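Notes for the one structure printed next.
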Ligand code: FES
């Protein structure tokens, strides 16, 4: 089994409203895509590390997202929890915005080798 990184076009920038998280499913990964500024987008794992709920249903405040169930907050740049009860970080995926405003995310893919 080997892991490679695939750059995937998840959406157009115009489809993302600032501070409105969106769910994208890519290569079996549930991703939470969050626009935090004019040309600033973050992508983290959608599943809270405290419980199996969707962070894309949470609330964005600046560069953090708050889980709707118990209120853990995660830093969108590092994935680290900044408030309890979660103690483990969520994965962060690099985002590139192209000149024509496509949002590309680097997502790991596993393949049999
Ligand atoms: S499930 Fe997210 S903080 Fe508990």
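Tabulated values for the structure
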| item | result |
| --- | --- |
| Estimated distance in nm for a label pair at residue 78 and residue 96, the labels positioned 7 Å out from Cα along Cα-to-Cβ | 2.6 |
| Residue 70-residue 88 pseudo-label distance in nm [points 7 Å out on the Cα-to-Cβ vector] | 1.3 |
| Part-to-part distance (alpha-carbon centres) for segment 67-101 and segment 1-25, which is given in Å | 14 |
| Shape call, the chain: gyration tensor on alpha carbons, a/c limit 1.5 | oblate |
| Pairwise label distance in nanometres, residue 63 with residue 14, each label 7 Å out on the Cα-Cβ vector | 2.9 |
| Relative contact order (%) - segment 26-113, alpha-carbon pairs under 8 angstrom, separation at least six | 23 |
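Read-outs: derived from the displayed coordinates by stated rules, not from any lab. A quick note: this is a predicted structure, and the numbers were derived from the prediction, not measured. Glycine also receives a Cβ, built like all others from the backbone with ideal geometry; neighbour counts cover every protein chain displayed.
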